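K.L.:
Just dropping this structure here.
The values are calculated or read from the model by the stated rules, or taken from the named source; none is laboratory data. This structure is a prediction, so every number in the text was calculated from the model and none was measured. Every residue, glycine as well, gets a Cβ built from its backbone with ideal geometry; the counts of neighbours run over all protein chains shown.
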Amino acid sequence: MADTKSGFSADERKAMQQRAEELRANKGLKGAAKLAKEAEACLEAIDALSGLDREIASRYHIIVSEEAPHLDPKTWYGFPSYARDGKVVTFVQPASKFDTRYTTVAFQEDAHIDDGAIWATSFAVVEWTPAVEQQLRELVRRVDG
């Protein structure tokens with residue numbers, strides 16, 4: 001439910017606070033030290049999840065590591081995310097984050113997964129199957145396209 005004063009729900013405010021904490025945690029870090037700290041934060045965010053959220057985030061982490069090793073793991077609003085040149089291009093939004101019925105794997109515009117005149121940029125995942133894994137692998141391969 002939205003707060004009538006700010007227009008943001010408690011979950012949304014918490015996500016914004018997490019983003020501010022992410023920025024503070026990396027303040028002053030550069031290069032390899034920053035990348036290492038961000039990668040550690042991504043793994044910690046995945047480890048903090050449970051159930052299907054954790055399974056999807058863990059398996060997606062493996063896919064990105066194998067198919068797009070040039071992407072850097074980090075967190076973004078507390079989500080396990082993957083960036084190129086500091087810009088998030090794909091992330092996992094756990095269902096538990098906003099109490100939704102499915103985990104979402106999403107791609108930002110800088111992922112360049114364009115496919116004709118219309119294409120999806122986020123995908124609801126309700127079960128991890130070989131077909132889901134294959135589809136996500138194909139999408140991650142298209143990042144940078």
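K.L.:
Mind checking which residues of segment 116-142 are surrounded by 15 or more Cβ atoms within 10 Å (Cβ to Cβ) and closer than 22 Å to G78 by Cα?
P.N.:
F123, V125, W128, L136, V140
K.L.:
Still on this structure, I have one more. So which of I46, I113 ends up being surrounded by 15 or more Cβ atoms within 10 Å (Cβ to Cβ), under 12 Å from the mean Cα position of the chain (by Cα) and either modelled with pLDDT under 95 or farther than 15 Å from R142 by Cα (or both)? Working first, answer last.
P.N.:
Values: I113 fails: under 12 Å from the mean Cα position of the chain (by Cα).
Answer to the selection: I46.
K.L.:
Can you tell me which residue within segment 76-96, out of those that are touching a helix residue (DSSP H, G or I) at 6+ places or on another chain (Cβ under 8 Å) and more than 19 Å from L136 (Cβ to Cβ), is surrounded by the fewest Cβ atoms within 10 Å (Cβ to Cβ)?
P.N.:
Among residues in segment 76-96 that are touching a helix residue (DSSP H, G or I) at 6+ places or on another chain (Cβ under 8 Å) and more than 19 Å from L136 (Cβ to Cβ), the one surrounded by the fewest Cβ atoms within 10 Å (Cβ to Cβ) is K87.
K.L.:
Of the residues that sit in segment 63-75 and are more than 16 Å from A36 (Cβ to Cβ) and in contact with a Phe, Trp or Tyr (Cβ under 9 Å, 6 or more places away or on another chain), which one is surrounded by the most Cβ atoms within 10 Å (Cβ to Cβ)?
P.N.:
Ranking the candidates gives V64 first.
K.L.:
When you check L71 against the structure, is it touching a Lys or Arg at 6+ places or on another chain (Cβ under 8 Å) and touching a residue at least 60 places away in the same chain (Cβ under 8 Å), yes or no?
P.N.:
Values: touching a Lys or Arg at 6+ places or on another chain (Cβ under 8 Å): yes; touching a residue at least 60 places away in the same chain (Cβ under 8 Å): yes.
Judged against the criteria, L71 is a match.
K.L.:
Out of everything in segment 1-32 that is surrounded by fewer than 10 Cβ atoms within 10 Å (Cβ to Cβ) and modelled with pLDDT under 65, what residue ends up being farthest from F98 (Cα to Cα)?
P.N.:
Going through the qualifying residues, I end up with T4.
K.L.:
Give me a count of the residues in segment 84-127 that are within 17 Å of C42 (Cβ to Cβ) and acidic (D, E).
P.N.:
Number of matching residues: 1.
K.L.:
While we're on this one: Here is a list of conditions, (1) part of a strand (DSSP E or B); (2) touching a residue at least 40 places away in the same chain (Cβ under 8 Å); (3) not aromatic (F, W, Y), and A106 meets all of them except one; can you say which number that is?
P.N.:
(2)
K.L.:
Report, by residue number, each residue of segment 49-62 that is crowded, with 21+ Cβ neighbours inside 10 Å and either of a type in the set (A, V, I, L, M, F, W, C) or at positive phi (or both).
P.N.:
Step one: list which residues in segment 49-62 are crowded, with 21+ Cβ neighbours inside 10 Å, which gives 53, 56-57, 60.
Within segment 49-62, I56, A57 meet the criteria.
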